């Protein structure tokens, strides 16, 4: 585990490790197989599904940033979510937040329907609900904070304390903040999950995920399963993500600075009913976020007064905010959670989670903030005719 600071770890990951040609930047190892020196004489690598030097460099870097022991790189973020499910047997209870990412919700509910484990869906902002479900001694508790898409904040330390007493492992989805802005393992978690597709890679050209464990034994168990079910990431994707990782700290500074300007501008706009951003002092989780995070991130959601018609108008008049899935790239994106990221949840579950038809989610990029403000406010201005009709 590295003792260097985050920016140094991110930049130096894999640097000067080439033993053959002294390349400063670590090379990409595309070979699918590796030579054995003799009968039953395996080296560090024998087959790339099981282990790959490029993937190992990325896994080590993310684990170092999270303060963890083992970093496992998976083919997608959902593969990382699926990987932690391998810890569960049919009689084990999994606790998930009621407002988790729609793809995760879809996976968990369908695996439960197949009888692979038991499931409890809980509003984790309500500690009384968490305390009640812990009486059932869950095997695994998943936390997603800030939540997607309403940016709710839950108390990682408190939930981890309750989970430990109940004998439950705790996994935290840290995709929105990355280890630069939040370190769940230091707050008591056992596992951290990332869709590295998002901020860690940061350039919207890779789909991948990561699982980091605090303890070696748990890491070895999950690494065994990742190899067994064949969900490890590719060398090329690992190479690109390692390259993107090097600029993560400086990218996040600009992401956050832009997001704060956007929030200030839209909060008072007449077309906007609500703004969901933990950096706002009136946000219910503001104080908790300030305690357990090193920043408020660059994700926000807004609810429009005109409902779905206003949403359609907004999308039609935007030019810099691209209507698209995903988040965390250098470019600004906007999405409609109800029909996009959370389409895997039925309408009733969406409404319980607070996801309304008039809600849009913004991933604020690192473009010039004046251009972004002009684009967004102009599009919101066009929504006013719908709002006021």
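Values in this text are rule-based calculations from the coordinates and carry no lab data. Only a predicted model underlies this, so the values are computations on that prediction, with no experimental measurement involved. Reconstructed Cβ throughout: ideal geometry from the backbone, glycine too, with neighbour counts over all protein chains shown.
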Handout entry: Theoretical ellipticity at 222 nm over the chain - DSSP helices of four or more residues, -39500 (n - 2.57) apiece, nearest 500
Key = -12000 deg cm²/dmol
Problem - Taking all pairs of distinct alpha-carbon atoms in the chain, Kirkwood radius in angstrom - result: 21.6
Fill in the blank from the handout: In this structure, the FRET efficiency calculated for residue 325 and residue 36 from their beta-carbon separation, with R0 = 45 Å, to the nearest 0.05, is 0.60
Completion exercise
quick shape note, the stretch 51-93: Cα extents on principal axes in Å, largest first -> 36, 21, 17
Completion exercise
The exposure ranking of 228, 85, fewest beta-carbon neighbours within 10 Å first, is 228, 85
Practice task
Give me the angle, in degrees from 0 to 90, between the Cα long axis of helix 235-245 and the longest principal axis of the Cα atoms of the chain, rounded to the nearest 10.
Solution key: 60
Practice task
Please give the FRET efficiency for residue 137 paired with residue 49, using the beta carbon to beta carbon distance and R0 = 35 Å, rounded to the nearest 0.05.
Solution key: 0.50
Completion exercise
Measuring from the longest principal axis of the C-alpha atoms of the chain, the long axis of helix 216-229 (C-alpha) lies at a number of degrees, nearest 10, equal to 90
Completion exercise
Checked the stretch 129-229 with the C-alpha gyration tensor, a ≥ b ≥ c its square-rooted eigenvalues, rounded below a/c of 1.5, otherwise prolate if a/b is larger than b/c and oblate if not; verdict oblate
Practice task
Report the paramagnetic label zone for residue 308: residues of the stretch 87-107 whose backbone N is under 20 Å from a point 7 Å from Cα along the Cα-to-Cβ axis.
Solution key: 102
Practice task
For helix 102-113, report the angle its Cα long axis makes with the longest principal axis of the Cα atoms of the chain; keep it between 0 and 90° and round to the nearest 10°.
Solution key: 60
